[in-house]
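The values are calculated or read from the model by the stated rules, or taken from the named source; none is laboratory data. Computed from a prediction, not measured in an experiment: that's the story for all the values here. Reconstructed Cβ throughout: ideal geometry from the backbone, glycine too, with neighbour counts over all protein chains shown. Areas reflect the complete protein model, heavy atoms only, side chains present, ligands, DNA and RNA absent. Shrake-Rupley method; radii C 1.70, N 1.55, O 1.52, S 1.80 Å.
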Amino acid sequence: MNNFLTHIGRYILLMRLVFKQPEKKSIYFRQILIEIEHLGLDSVGIVVFISIFMGAVLAIQMAFNLDTPLVPLYTIGYATRQSVVLEFSPTIISLILAGKVGSRISSEIGTMRVTEQIDALEIMGINPATYLIFPKIIAALFFNPILIMISIIVANMGGWLAGSLTGMVPSGEFIYGLKAFFEGYDVFYSLVKSVVFAFLIVSISGYHGYYTRGGALEVGEASTKGVVNSSIAIIIFNLILTNLLLA
Amino acid sequence: MIEAIEISKSFGDNKVLDNVSVKFEAGRCNLVIGQSGSGKTVLMKCLVGLFEIDEGRGIFGEKVLSRMSFDEMKLVRQEIGMLFQGGALFDSMNVEQNVMFPLSMFTEQSIGERLERANFCLSRVNLENVNKLLPSELSGGMKKRVAIARAIAMNPRYLFCDEPNSGLDPHTANVIDNLIKEITEEYGITTVINTHDMNSVIEIGDRVSFIHEGKLWWQGDRDTILMSDNKELNNFVFATKLTRKIKGL
Ligand SMILES: Nc1ncnc2c1ncn2[C@@H]1O[C@H](COP(=O)(O)OP(=O)(O)O)[C@@H](O)[C@H]1O
Ligand SMILES: [Mg+2]
C-alpha cells in the first residue's frame, strides 16, 4: 500500500513536469507528428483486423441468443451496435492499444534512461519529461478517438457481413437495427472513454519507462509493468466513467 | 573554473561521497581517478546537477549550482557539454541530427548554419562521410567521437567526460584522450575527465585527483603520481604484477 502511494505521488510529480512549458514549440510540433505516426497510424491495421472479427463474432452470438420469434431480427443489428459503441470499441480496443502502444513507450523511454540519453537531454538544459512524454500524450489524445471511431465502423461492418454471409440476419434487417434508437450521447460516452484511456496508457507506460533503473532486463520489466498497470487503470476507470456518464 | 566544496552524497545508507572538495582549472584536463565504484560518476553527476547534493555545493565560475532556479540552471547547462560513458547518442537520430540537436533546441540558426556547424564539429573529431549513419551502425570509438562532436556543438565552457575511453582498444583510447586534450586547450574549456585508465593519466593528466571510498585521497599531476608514497594510491596506480615489480613493491 505504501509502495502504491509512493508510485502515485511520483506519477503526479512527473505529470506536473510533463506539462511544463516546452522549450521550443516548432520542435514539439514535429515530435507530435512523428508520434502520431508511431502510436496512431501504425496501429490502424491491428485495430481494423480485430474489430472486423469481433464485430462478426458479436453478431453471430447475438443471433444465437436471440433466436426466438418474439424478438424481431433487426434487434441483432441494434444490439451489436450498442455493444460495439458502448464497450467493445472504446474499452477492448484501448486494452489492445495498452499492449501495443504501452510496451513501445515504456521500452523506448526505459532504454533512453538506462543508456543515459535522458541524462544527456537534461544536461543540455532540456526538460526530458516534457520532451519525451508530452508529444506522445497529445498524439494519443488526438489519434486514439479516431482509432476508436474506425473500430466502431469496421466492427459494425463485420457484424453485418457475418449476419448476411451466414444468412442468419438479412442485410436489410441488420442495417435497420444499426440505425434504430440511435443516441448521439452513446458516441460521446465512447469518445470520452477513449480520450481518458489514451491518457492513462501513455502517462502510465511513460512513467514506468522514465523511472527504469538498471539495464536491459529492467527495461523489459518496465515494459511489462507499463502494459499491466495501464490495463488495470483502464478497467478501473471504465467502471468509474460508466457510473458517471451513464448512471 | 569549477569547484566542488565539501560535497557529500548518500544513497540510502550507502555514503558514496564524503566531504569531497576539489578545484578544476580552465584550459586543462582535470582527471578524477579511482577504482570502479569509488564514486567518480556520482561526483560528476552531482556537479552537473543530475543528482541532488546532500551537503556542500558545486560552483561554476561565480555561480553556485545548488542555489539556482530551474531557469538559471537551464542557462548554465547550455554552457556544459557532457560525454557519457556509453556515448548516449539518441538512437532515433542519425549522426548529423545528433550533433545538430542542441543547436535546433537552443539557437535560431537556419538549417544550413546548423549543418555547417555540425560538419565542423564532426571534422574536428576526424569524422567524415558518416553524417547519415545511425548510432547502431557506428563502432564504439566512432560513437564516442560523435558524442564529443555533439558535446562541443554549443561551444561549451565546461566539458565533462565520464570514462571517455572505456571499452576502446588502446590505440583508439589514446586518440580520444588526445582529441579531448586538444579541444580543451584550443578553446580554453574547463574539462573534467573520469577515468580508471593509467595510460590516460600519463597522457593527459594535467591535474589528477584520486578518489578512494568516496573521499578525496590525493591530488597531483602525471609527474608526481608515480613518485607518491600514498599506499592506497600506489595500490591503484601499480595494480598489475608488472608495474608492481618495476616500482619494487
Ligand atoms: N542511482 C544510484 N542509486 C543508488 N546507488 C548508486 C546510484 N548511482 C551510483 N550508486 C552507487 O554509488 C557508488 C559509486 O558509483 P559510481 O560513482 O558509479 O562509481 P564509479 O567510480 O565507478 O563511477 C556505487 O556503490 C553505486 O552502487
Ligand atoms: Mg562510473
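Taking (1) out of contact with any strand residue (DSSP E or B) (no Cβ under 8 Å at 6 or more places or on another chain); (2) surrounded by fewer than 20 Cβ atoms within 10 Å (Cβ to Cβ) in turn, B:ASP54 satisfies each apart from (1). Tally the residues that are open to solvent by 10 Å² or more (accessible area, probe 1.4 Å) and touching a Pro at 6+ places or on another chain (Cβ under 9 Å), restricting the search to the range B:93-126. Qualifying residue count, the range B:93-126: 2.
Restricting attention to the range A:22-44, the residues that are open to solvent by less than 50 Å² (accessible area, probe 1.4 Å) and assigned to a helix (DSSP H, G or I) total 10. The residue pairs whose first member lies in the range B:228-249 and is farther than 16 Å from B:ILE33 by Cβ, whose second member is open to solvent by less than 60 Å² (accessible area, probe 1.4 Å), and whose beta carbons are closer than 7 Å, counting only pairs six or more residues apart or on different chains, are B:ARG244/B:PHE238; B:LYS247/B:PHE238; B:LEU249/B:ASN234; B:LEU249/B:PHE238. Given the options A:SER164, A:SER171, A:SER190, A:SER230, name the one that is farther than 26 Å from A:ILE76 by Cα and either within 16 Å of the chain's Cα centre (by Cα) or not charged (D, E, K, R) (or both). Being farther than 26 Å from A:ILE76 by Cα and either within 16 Å of the chain's Cα centre (by Cα) or not charged (D, E, K, R) (or both) holds for just one of A:SER164, A:SER171, A:SER190, A:SER230, which is A:SER230. Scanning the range B:12-54 for residues that are within 16 Å of ligand 2 (Cβ to nearest atom) and free of Cβ contacts under 8 Å to residues at least 12 places away in the same chain yields B:ASN14, B:GLY37, B:LYS45, B:LEU50.
Against the definition (under 29 Å from A:ALA198 (Cβ atoms), among the hydroxyl-bearing types (Ser, Thr, Tyr) and out of contact with any Leu (no Cβ under 6 Å at 6 or more places or on another chain)), how does A:SER83 come out, yes or no? Here the answer is no, as A:SER83 does not meet what is asked. If you check B:ASN94 against the conditions, is it over 22 Å from the mean Cα position of the chain (by Cα), free of Cβ contacts under 8 Å to residues at least 24 places away in the same chain and more than 12 Å from chain A (Cβ to nearest Cβ)? Considered against the rule, which asks whether it is over 22 Å from the mean Cα position of the chain (by Cα), free of Cβ contacts under 8 Å to residues at least 24 places away in the same chain and more than 12 Å from chain A (Cβ to nearest Cβ), B:ASN94 comes out as no.
Regarding A:GLY214, is this residue more than 17 Å from the chain's Cα centre (by Cα) and on the phi > 0 side of the Ramachandran plot?
Details: more than 17 Å from the chain's Cα centre (by Cα): yes; on the phi > 0 side of the Ramachandran plot: yes.
In short, yes.
Quick check on the range A:85-107. Is at least one of its residues over 26 Å from the mean Cα position of the chain (by Cα) and open to solvent by 10 Å² or more (accessible area, probe 1.4 Å)? Full working, then the answer.
Of the residues in the range A:85-107, the ones over 26 Å from the mean Cα position of the chain (by Cα) are none.
Taking every residue of the range A:85-107 in turn, none turns out to be over 26 Å from the mean Cα position of the chain (by Cα) and open to solvent by 10 Å² or more (accessible area, probe 1.4 Å).
If you go through the range B:158-211 and keep only what is within 16 Å of ligand 1 (Cβ to nearest atom) and within 14 Å of another protein chain (Cβ to nearest Cβ), you end up with B:PHE160, B:CYS161, B:ASP162, B:GLU163, B:PRO164, B:SER166, B:GLY167, B:VAL192, B:ASN194.
Among the residues of the range B:56-91, write down those that are within 10 Å of chain A (Cβ to nearest Cβ) and of a type in the set (A, V, I, L, M). Answer for the range B:56-91, where residues must be within 10 Å of chain A (Cβ to nearest Cβ) and of a type in the set (A, V, I, L, M): B:MET73, B:LEU75, B:VAL76, B:ILE80, B:MET82, B:LEU83, B:ALA88, B:LEU89. For the residues B:GLU203, B:GLU182, B:GLU213, B:GLU232, the requirement of being touching a His at 6+ places or on another chain (Cβ under 7 Å) and open to solvent by 50 Å² or more (accessible area, probe 1.4 Å) singles out B:GLU232. Can you name the residue in the range A:101-154 that is within 13 Å of another protein chain (Cβ to nearest Cβ) and among the hydroxyl-bearing types (Ser, Thr, Tyr) and, of all such residues, is farthest from B:LEU65 (Cα to Cα)? That would be A:SER107.
Report yes if B:MET154 is closer than 18 Å to A:MET112 by Cβ, modelled with pLDDT of 90 or more, at the interface with chain A (Cβ under 10 Å from one of its Cβ atoms) and touching a helix residue (DSSP H, G or I) at 6+ places or on another chain (Cβ under 7 Å), otherwise no. Lay out the reasoning, then the answer.
Details: closer than 18 Å to A:MET112 by Cβ: no; modelled with pLDDT of 90 or more: yes; at the interface with chain A (Cβ under 10 Å from one of its Cβ atoms): yes; touching a helix residue (DSSP H, G or I) at 6+ places or on another chain (Cβ under 7 Å): yes.
Judged against the criteria, B:MET154 is not a match.
Among the residues of the range A:1-48, which ones are without any contact (Cβ under 8 Å) to a residue 40 or more places away in the chain and either charged (D, E, K, R) or in contact with a Lys or Arg (Cβ under 7 Å, 6 or more places away or on another chain) (or both)? Within the range A:1-48, A:ARG16, A:LYS24, A:LYS25, A:ARG30, A:GLU37, A:ASP42 meet the criteria.
Checked against the criterion of being more than 22 Å from B:ILE183 (Cα to Cα), within 16 Å of ligand 1 (Cβ to nearest atom) and within 14 Å of chain A (Cβ to nearest Cβ), the candidates B:VAL42, B:VAL16, B:VAL22 yield just one match: B:VAL42. Within the range A:163-181, the set of residues being among the small types (Gly, Ala, Ser) and surrounded by 24 or more Cβ atoms within 10 Å (Cβ to Cβ) comprises A:GLY163, A:GLY177.
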